[in-house]
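Report on the structure given below.
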2 protein chains.
Amino acid sequence: MRPAAETGAGRHDGGGAPDAGAVARGLPEATLERLTVYLRVLHVAEGEGKVTLSSDVLANAAGVNSAILRKDLSLLGGSFGRRGVGYDVARLAEHLATTLGLREQWRVAIVGAGNLGRALAGYAGLRNNGFELTAIFDMDPDVIGNIVNGLAVRPAESLEAAIESEHVNMAVMTLPGASAQQMCDRLVAAGVRNILNFAPVVLQAPDGVNVRKVDMSRELQILAYYAHQDIGHQDAVPAEDVGS
Amino acid sequence: MRPAAETGAGRHDGGGAPDAGAVARGLPEATLERLTVYLRVLHVAEGEGKVTLSSDVLANAAGVNSAILRKDLSLLGGSFGRRGVGYDVARLAEHLATTLGLREQWRVAIVGAGNLGRALAGYAGLRNNGFELTAIFDMDPDVIGNIVNGLAVRPAESLEAAIESEHVNMAVMTLPGASAQQMCDRLVAAGVRNILNFAPVVLQAPDGVNVRKVDMSRELQILAYYAHQDIGHQDAVPAEDVGS
DNA sequence: GGCTGTGAACTCCTTCACAGCG
DNA sequence: CGCTGTGAAGGAGTTCACAGCC
């Protein structure tokens, strides 16, 4: 009855036997977020010619403690470090990339060629690591046909056809909240099962569709919360609670 | 010794007395993220003329279950619902906004007037709820002086002076990874303690500085992970685990 | 001795289930 | 009766601490 609604929906967990070498399946969200950071750090280290890295160094660069780094890697299965030495940078990077599914081919469409859509189209993260930007859509006749990052903006009407012909399997939604749900429905109907939503709405999508959300407002508001707290009790807390 | 490095750093927790009516302090991250969603849903409901909402309806619209909605609200302190009726939309929205610190005045600077910076400058989330965009900076002479959303882009050299004169207390970093850490250091030195980072690097910031990160690459990669998993065992899992 | 890999303890978050008010 | 508010149970994720290999 209840649709998936946002945040890493779809297939995880599984609840299978808590068996021996549990293979890289159903990794916790928190671990996944960190894996992406490790991968980035490893790429930088690779570029600097580093061959091995200790968990301490890697963890520091990633902004986490080394215990959790080691635990995260242990969840992946196999052994990727040498005791007394550290991790082989290239090997670990390759394994992380494979685990994350970056050795698949991800054909991405951007839905909404406004400022944000155009900005993201130029973003390097969309042109590396298995991701390829293959189509951009918009509803505005003034925008359709414009060239964005080498791609002509297509009319929203052609969404279904283009998804099929371009084998799009991932969508980034950068459109106004008002049209987001409707476009999401069309994407899903057209077979797209992976959606990254930048529109400020909670998308309802059927089970089996992975939806994630990026939300600047949310981040600003959380920042405001912490900042507000800081103001409330400048510096050291006076040990007593303030009441109202 | 270890700096704060990303993600809701700064002052939370406190560890104070686990006393009675624990006032809206040190709310868990997960709760904060949901509060921002509730607030958005409430605003929509308000616009539709709704006066009260049950936890069930609100939770559904927010994409969570009602138990956690009620638990979240209970963490805020006071009672905001009427049993048998539901929540007063306006009153709850106001309380959430206050709790999140949105009744403070947040003066935001965007650092980096590239595509992304300009796109965010026009984003409504930066012009509501206590946030006010007050300055935009860039290093590129060709960009400096351009008008973005009614503001002239200022040279990066004037960062410190402008932060002081404009009373900037929050920064959004939309610049290349290569210059992000250095700019972050300058922001911190200039007294900014709240930073939202869009650059693809792990920022190191001293304790007491709140840093949050938005990362499209991360989201795409996590999406790829789930999608990859889905491919591995199409549709329903056959109840037995597949091994390799 | 250095550093990984991991059980076990711990802490935090979520879900359950129901008491209690309207 | 309906729906909130919350203690208690349960499940997840993190940290500790150390055994085990290099």
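The values are calculated or read from the model by the stated rules, or taken from the named source; none is laboratory data. No experiment lies behind these values; they were computed from the predicted model shown. In this analysis, Cβ positions are derived from the backbone assuming ideal geometry, glycine residues included, and neighbour counts consider all displayed protein chains. When the accessible area is computed, the model is the full protein with side chains, heavy atoms only, and any ligands, DNA or RNA have been set aside. Shrake-Rupley method; radii C 1.70, N 1.55, O 1.52, S 1.80 Å.
What to note about this one:
- Modelled label positions at A:Lys71 and B:Ala124, each set 7 Å beyond Cα in the direction of Cβ, lie 4.1 nm from each other.
- Portion, in percent, of the accessible area of the stretch A:106-218 that falls on carbon or sulfur, probe 1.4 Å: 52
- Taken residue by residue and averaged, Cβ atoms of other chains lying within 10 Å of the Cβ of B:36-45 number 3.
- Cβ-Cβ FRET estimate between A:Glu164 and A:Glu29, R0 fixed at 41 Å, reported to 0.05: 0.85
- Extension gain, A:Asp142 back to A:Glu48 (0.36 nm per residue minus Cα-Cα distance, nm): 29.3 nm
- Using the alpha carbons alone, the radius of gyration of the stretch B:29-99 stands to its Kirkwood radius in an Rg to Rh ratio of 0.91.
- Amide proton proximity set for B:Ala171, modelled H, under 5 Å, gap of 5+: B:Ala109, B:Asn194, B:Ile195, B:Leu196
- Carbon and sulfur %, accessible surface of the stretch A:29-100 computed with the full protein complex present, 1.4 Å: 53
- For A:Gly177, the label point sits 7 Å beyond Cα toward Cβ; its separations from the matching points on the remaining copies run 3.3 nm, from shortest to longest.
- Only the Cβ atoms of Lys and Arg (+1) and of Asp and Glu (-1) were treated as charged; on that basis the dipole of the stretch B:152-225 about its Cα centre amounts to roughly 200 debye.
- Dipole check for the stretch B:29-99: with +1 at the C-beta of Lys and Arg, -1 at the C-beta of Asp and Glu, and the Cα centre as origin, the magnitude is about 220 Debye.
- Accessible surface, the stretch A:139-236, averaged per residue in Å² (probe 1.4 Å): 39
- Chain A, closest residue to the rotation axis toward B, by beta-carbon, whole angstrom: A:Ala119, 2
- On association of chains A and B, roughly 7000 Å² of accessible area becomes buried (total for both chains; probe 1.4 Å).
- Comment: the Cα-to-Cβ extended label point of A:Phe80, at 7 Å, lies 4.1 nm from its counterparts in the other copies, nearest first.
- Note on the stretch B:106-218: Cα-Cα pairs beyond 17 Å make up 48% of the total pair count.
- Residue-averaged beta-carbon neighbours from other chains (10 angstrom radius) around A:209-217: 6
- Within 10 Å of the Cβ of each residue in A:172-179, the mean number of Cβ atoms contributed by other protein chains is 1.
- Reach of B:Lys71 by Cα under 26 Å, taken over lysines that are not fewer than 8 positions away in the same chain: A:Lys213, B:Lys50
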